[in-house]
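Here's the structure, in structure tokens; my notes come after.
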């Protein structure tokens, strides 16, 4: 991707976006002052939200390393969000020379920042940002950048980290995932996380429910699901060890450091799976 290829998208700087809020929870960065009232509402409703976001980010890194150590050399990261350090191509490069990565997001700020980053670091030969929406998988799969970088005869690492909660039941996430699975070659792996209240206590349930109602005011409402519903998203795949667990627990770098009393931990399911 050369510099002339980068064309910034129009930004809605007034209405809060889930991507900007998620970035703030990970890094503390405030992109627009208009986001602050919404951010403060979320802190009030869900005090552990930043920790939950960081758990997701850490899981992403471990999942990418796991995939790379099992022979995956190319990645499709859907709902990648705003660049926040520890991005997929950065983690993969720890183990692979020139991994191929296609990022996908429909948030204006995420698209702009990612494309500017890839241009500045001259990563266009191996990495791209596709402006698309998970709910329209055909656009992702048929996009010229996807076809340029990903070889669909070789295993692909499919990453859906904290994106399915933003897909409503009316959007039929199972059908979307089936379309993606059907084009993945054997040996491909998938990694997903999902917020849930199933294992949360009454107080936490109340907090997360309040936070979900706050998100209804943002560009994308959130949908909470159970462990069983999350498990159904892996239909057609073979779950890898340890199966469905909490994001903090999945191949934890330091298992002894896991905080059993961490409220964010019990609200975040995670798993990876392989396609036979």
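The values are calculated or read from the model by the stated rules, or taken from the named source; none is laboratory data. For clarity, every value in this text was computed on a predicted model and none was experimentally measured. Quick reminder, even Gly has a Cβ in these numbers, built from the backbone with ideal geometry, and neighbours come from all protein chains shown.
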Residues of the stretch 232-272 satisfying the condition of being surrounded by fewer than 16 Cβ atoms within 10 Å (Cβ to Cβ) and touching a residue at least 40 places away in the same chain (Cβ under 8 Å): 232, 235, 236, 253
Test: residue in the stretch 30-41 that is at pLDDT below 90, within 21 Å of the chain's Cα centre (by Cα), surrounded by fewer than 18 Cβ atoms within 10 Å (Cβ to Cβ) and part of a loop (DSSP other than H, G, I, E, B): yes
Test set (1) without any contact (Cβ under 8 Å) to a residue 40 or more places away in the chain; (2) within 18 Å of the chain's Cα centre (by Cα) - residue 228 fails condition number: (2)
Residue 50 vs. criteria farther than 18 Å from residue 159 by Cα, out of contact with any strand residue (DSSP E or B) (no Cβ under 7 Å at 6 or more places or on another chain) and touching a residue at least 24 places away in the same chain (Cβ under 8 Å): yes
Contacts under 6 angstrom Cβ, first residue in the stretch 139-155 being on the phi > 0 side of the Ramachandran plot and surrounded by 15 or more Cβ atoms within 10 Å (Cβ to Cβ), partner in a helix (DSSP H, G or I) and at pLDDT below 95, 6 or more apart: none
Looking only at the stretch 164-190, and only at residues there that are touching a strand residue (DSSP E or B) at 6+ places or on another chain (Cβ under 6 Å) and not in a helix (DSSP H, G or I), the one that is surrounded by the most Cβ atoms within 10 Å (Cβ to Cβ): 190
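So that you can scan it fast, the table gives a plain yes or no per residue for (1) modelled with pLDDT under 95; (2) under 18 Å from the mean Cα position of the chain (by Cα):
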residue	(1), (2)
192	no, yes
195	yes, yes
213	yes, no
216	yes, no
223	yes, yes
262	yes, no
Number of the condition not met by residue 114 [criteria: (1) surrounded by 24 or more Cβ atoms within 10 Å (Cβ to Cβ); (2) over 15 Å from the mean Cα position of the chain (by Cα)]: (2)
Search result, residues across the stretch 127-138 that are in a loop (DSSP other than H, G, I, E, B) and surrounded by fewer than 18 Cβ atoms within 10 Å (Cβ to Cβ): 135, 136
The stretch 66-95, subset touching a helix residue (DSSP H, G or I) at 6+ places or on another chain (Cβ under 6 Å) and modelled with pLDDT of 95 or more, residue farthest from residue 264 (Cα to Cα): 95
Near pairs, Cβ below 7 angstrom, 6+ apart or cross-chain, from the stretch 18-35 (without any contact (Cβ under 8 Å) to a residue 12 or more places away in the chain) to any residue that is crowded, with 16+ Cβ neighbours inside 10 Å: 29/23; 30/24
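If I ask for residues that are assigned to a loop (DSSP other than H, G, I, E, B) and farther than 20 Å from residue 25 by Cα, which ones from the stretch 82-104 would you list? So that I can check it myself, show each step before the final result.
As a first pass, look at the stretch 82-104 and keep what is assigned to a loop (DSSP other than H, G, I, E, B): 82-87, 93-99.
Within the stretch 82-104, 93, 94, 95, 96, 97, 98, 99 meet the criteria.
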